[in-house]
1. Look through the stretch 358-375, keep the residues that are surrounded by 12 or more Cβ atoms within 10 Å (Cβ to Cβ) and polar (S, T, N, Q), and return whichever of them is modelled with the lowest pLDDT.
2. Provide a single number: the residues in the stretch 135-170 that are in a strand (DSSP E or B) and either open to solvent by 40 Å² or more (accessible area, probe 1.4 Å) or under 16 Å from residue 191 (Cβ atoms) (or both).
3. Hey, can you tell me all the residues within the stretch 26-56 that are modelled with pLDDT under 70, exposed (fewer than 15 other Cβ atoms within 10 Å of the Cβ) and not hydrophobic (A, V, I, L, M, F, W, C)?
4. If I ask for residues that are open to solvent by 60 Å² or more (accessible area, probe 1.4 Å) and either of a type in the set (Ser, Thr, Tyr) or part of a helix (DSSP H, G or I) (or both), which ones from the stretch 346-357 would you list?
5. Looking at (1) modelled with pLDDT of 95 or more; (2) within 17 Å of residue 138 (Cβ to Cβ), find the lone condition where residue 218 falls short.
6. Taking the stretch 186-228 only, how many residues are assigned to a loop (DSSP other than H, G, I, E, B) and either open to solvent by less than 40 Å² (accessible area, probe 1.4 Å) or under 27 Å from residue 245 (Cβ atoms) (or both)?
7. Do we have any residue at all in the stretch 269-290 that's without any contact (Cβ under 8 Å) to a residue 40 or more places away in the chain, out of contact with any helix residue (DSSP H, G or I) (no Cβ under 7 Å at 6 or more places or on another chain) and within 24 Å of residue 358 (Cα to Cα)?
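The values are calculated or read from the model by the stated rules, or taken from the named source; none is laboratory data. What you see is a predicted model, and the numbers here were worked out from it, not measured in a lab. A quick note on method: Cβ atoms are made from the backbone with ideal geometry, for glycine too, and the neighbour counts reach across all protein chains shown. Ligands, DNA and RNA are excluded from the accessible area calculation, which covers all protein heavy atoms including side chains. Shrake-Rupley method; radii C 1.70, N 1.55, O 1.52, S 1.80 Å.
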Amino acid sequence: MSIPQKHIQSAQEQVVAEYRRNFPDFEKLQHIEFAAGYLCLGQLSYVFKVKLLNEEQDHFALVTGFTSFDPRQGCRVFADMGIFDETAARNFIKYMGRRIKNSGAHTADLSGIDPDYIFDNHDLDYQELDPFRTTFFAQCMSSVDHSRSLVGFMLLNKAVLDRDSVIKAVKEMWGLDFNEHADAVIESDETSVSISFAHVTARVTLSDEPMEKDLALQAARLNYMWPMGASVISEHQAVLCITMTSSELKKHEMAAAFVMLMAALASLPETLGVFYRGFIFEPQFYIERAEIIHDNHFPVGNLIWKHLEQGEGNSINAYTVGLEVLDKLELEIHNCNMEVHQLLDMIDILTMNIIECNLNIPDGEILPLTDHSDIRFTISIDRFGEHNSYKLEIIDRKH
């Protein structure tokens, strides 16, 4: 699958604009062409070859950033650009090639570049090339057993973690008082609070350093429901890591308790944003979506994100993010012509039923969708080349 031409055009316009701003001899810009690109779940990395008048040596513009489909504004691209020599550009292309080869992501033709070269790893340190590597975030994610843990983050305007405030927030929102809970065991120090209750252990850990800027901005900009998110969270100064683990409960069985704690922490005055699975939620939005727990429903809106991308023509591609964490197959639908709100509602209903009814839909199963259409579920490898996922196809019923 190729990268939509409008994405490439938008990035190329940004390269030209950057040259215009930063180079007095802009008129020397003779030619610009797309060389290589990677686009997957909103993350983009593009390389453009730039030819300057009267200069034999080529320049290379590396554009890294994020793209998202906004139901109100259509496709949006956010990117930063740097100018590099050929060696640096080829190393970065090699890094992209590794990701493309391993993921089966959306790609574009690698114009004029030998594919065998970019897939030849040599001794390149890909970790150093990865623009989205993190410190505290990576430590938190690597320190838990993901087979039985859920992990989320709060972005704060200042570094503060108070045991009493956490307990009070949970009590006020959910009526659960850990101080009076017979089975609750609470431990705390200056940078962490640990609570064990009802077969789960929750740990809240404070970092007095902000989340890596690129990661935080990507996560905020991918949330098409919070246009001001990136500007709000750009001011964050600290991070809370929330982990919940159980040796007896499956992840979907403790998910409601996890969301209850996350929503309570989202209500604290220091919280600017809620980070989960690569997306940042507005705190009030997260709290409102969690209220469904009062009616004994699964908090789909807190744990499953629907990522949108521009499909072919005026169609939309949609992907769930979060089902795999709950040991379910993610959903994908490509080139869908439904209205955006109808598509999102359909995905919400499907994910709710898959989790609450513990559905395991067989490959090739066709289920009724409306009075006039059905939906076919096909199981195949996901776009990352790592796990299976459901590919959804809307079928008009023949009369």
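1. Top of the filtered list is 370.
2. The qualifying residues number 3.
3. Correct list: 27, 28.
4. Within the stretch 346-357, 349, 353, 356 qualify.
5. (1)
6. Selection size over the stretch 186-228: 14.
7. So far as the stretch 269-290 goes, no, none of its residues is without any contact (Cβ under 8 Å) to a residue 40 or more places away in the chain, out of contact with any helix residue (DSSP H, G or I) (no Cβ under 7 Å at 6 or more places or on another chain) and within 24 Å of residue 358 (Cα to Cα).
Okay, residues lined up against (1) open to solvent by less than 10 Å² (accessible area, probe 1.4 Å); (2) in contact with a helix residue (DSSP H, G or I) (Cβ under 8 Å, 6 or more places away or on another chain); (3) not in a helix (DSSP H, G or I):
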{"position": "232", "(1), (2), (3)": "no, yes, no"}
{"position": "247", "(1), (2), (3)": "no, no, yes"}
{"position": "252", "(1), (2), (3)": "no, yes, no"}
{"position": "260", "(1), (2), (3)": "no, yes, no"}
{"position": "263", "(1), (2), (3)": "yes, yes, no"}
